[in-house]
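Q: Structure incoming, see below.
The values are calculated or read from the model by the stated rules, or taken from the named source; none is laboratory data. Everything numeric in this text was worked out from a predicted model, so none of it was measured. FYI the Cβ positions are ideal-geometry reconstructions off the backbone, even for glycines, and counts take in every protein chain you see. Just the protein is used for accessible areas: all its heavy atoms, side chains included, with ligands, DNA and RNA removed. Shrake-Rupley method; radii C 1.70, N 1.55, O 1.52, S 1.80 Å.
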Amino acid sequence: GLRLIPTSFLNDLILEDFVHTKEITDKVDCFFRNLDKYKEFGIEIPKRGIFLYGPPGGGKSVALSRVSKKYSENADTAIIVWDTNKWESYQVKDMVKAINYVGVSKLILIIEDIGGGELSDRKQGADASLLSLLDNNEKTFTLPTCIIATTNYPENFMASLTNRSGRFDDKIHIDYPPSDVRQKLLNFFAK
């Protein structure tokens, strides 16, 4: 008996100029809107991956919270947020497989901080369980699924995550906002 319920997320209006989520939501909307195209090409369970990368503090997590808020309002969409500091990929894979999706026809899996922290000049390969999940080798996903992942350190292992189109189709660099937006944010917090 796992029950999926909408969750409240960060909603500061000042962040409108700080983080723009339109590019991400446009890609998610396009994917879910065109599920019939995948069926035409014989893809039973469509999957799309969006990889957000950039420096810490650039707004990736805020973008995820805004995307989550938007789609949590859709009763037919389940959102699973995976905190990579707490759960291993094989545990998430088992959980996603075990859920009985009643009244849900779409899934968004959010992977926060894939790849963990800085590894001081050495590269890290993605573990086999993570790659299997991203490739859907074990038919983990039973619904059309959009995976959105973030990392602060793409140089550590980005190649192993993005060298196949089925893993992450879109790579979006999220950098620090321009100085005028940072000034506006500083003024907001200085009050």
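Q: Considering the range 102-155 alone, what residues qualify as being at pLDDT 85 or above, of a type in the set (Val, Ile, Thr) and out of contact with any Gly (no Cβ under 6 Å at 6 or more places or on another chain)?
A: Across the range 102-155, the qualifying residues are Val102, Val104, Ile108, Ile110, Ile111, Thr140, Thr142, Thr145, Ile148, Thr150.
Q: Further question: So, in the range 30-80, how many residues would count as being among the hydrophobic types (A, V, I, L, M, F, W, C), farther than 25 Å from His173 by Cβ and touching a residue at least 12 places away in the same chain (Cβ under 8 Å)? Break it down into steps so the answer makes sense when it comes.
A: Step one: of the range 30-80, the residues among the hydrophobic types (A, V, I, L, M, F, W, C) are 30-32, 35, 41, 43, 45, 50-52, 62-64, 67, 75, 78-80.
Still in the running and farther than 25 Å from His173 by Cβ: 35, 41, 43, 45, 75, 78.
Then drop every residue that is not touching a residue at least 12 places away in the same chain (Cβ under 8 Å), which leaves 35, 45, 75, 78.
Number satisfying all stated conditions: 4.
Q: Related question: Tell me, which residue of the range 77-110 that is in contact with a strand residue (DSSP E or B) (Cβ under 6 Å, 6 or more places away or on another chain) and of a type in the set (D, E, K, R) is farthest from Ser129 (Cα to Cα)?
A: Lys106
Q: Identify all residues within the range 28-52 that are open to solvent by 50 Å² or more (accessible area, probe 1.4 Å) and within 16 Å of the chain's Cα centre (by Cα); write none if there are none.
A: The answer is Cys30, Arg48.
Q: Answer yes if at least one residue in the range 81-90 is over 14 Å from Asp170 (Cβ atoms) and open to solvent by less than 20 Å² (accessible area, probe 1.4 Å), and no otherwise.
A: Yes: the range 81-90 contains one or more residues that are over 14 Å from Asp170 (Cβ atoms) and open to solvent by less than 20 Å² (accessible area, probe 1.4 Å).
Q: I want to confirm something. Restricting to the range 156-181 and keeping residues that are out of contact with any Ser or Thr (no Cβ under 9 Å at 6 or more places or on another chain), surrounded by 13 or more Cβ atoms within 10 Å (Cβ to Cβ) and more than 19 Å from Asp26 (Cα to Cα), which single residue is modelled with the highest pLDDT?
A: Tyr176
Q: May I ask you to list the residues in the range 62-80 that are modelled with pLDDT under 90 and of a type in the set (Val, Ile, Thr)?
A: Listed by number, the residues that qualify are Val62, Val67.
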